[in-house]
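The structure under discussion appears below in the form of structure tokens.
The values are calculated or read from the model by the stated rules, or taken from the named source; none is laboratory data. Because the structure is predicted, anything quoted here is derived from the model rather than measured. Please note: Cβ atoms are built from the backbone with ideal geometry, for glycine as well, and neighbour counts cover all protein chains shown.
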Amino acid sequence: MCNVYSYMRIGTSEERDLQKFTRQKSSLQRYAKENNIEFLLEYREDKSGKNFTERKQWQKLESIVQPGDMIVFKDIC
């Protein structure tokens, strides 16, 4: 059995008006229910999508993920 993690991100100030963690969380919860999975941990951060070097939560998540684990995220445009 693999571990399943969720990751949510909101980027620039312009995107913050259109994107909300609540919308992403709702979509991720629906996906989990439809696929009978439970997230071990949820990660979220308010950082630009420009690069991964400044995403501290992503770096934490990346450091614990093992082969066979799953990261689920929702792209909201």
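The table below lists the values:
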| quantity | calculated |
| --- | --- |
| Single residue of the stretch 61-71 satisfying the filter (free of Cβ contacts under 8 Å to residues at least 60 places away in the same chain and within 12 Å of the chain's Cα centre (by Cα)) that is farthest from Lys20 (Cα to Cα) | Glu62 |
| Every residue from the stretch 43-77 that is among the charged types (D, E, K, R) and either part of a helix (DSSP H, G or I) or over 16 Å from Cys2 (Cβ atoms) (or both) | Arg44, Glu45, Asp46, Lys47, Lys50, Glu54, Arg55, Lys56, Lys60, Glu62, Lys74, Asp75 |
| The listed residue being in contact with a Lys or Arg (Cβ under 6 Å, 6 or more places away or on another chain) and either modelled with pLDDT under 90 or surrounded by 12 or more Cβ atoms within 10 Å (Cβ to Cβ) (or both), out of Ile10, Ile71, Ile37 | Ile10 |
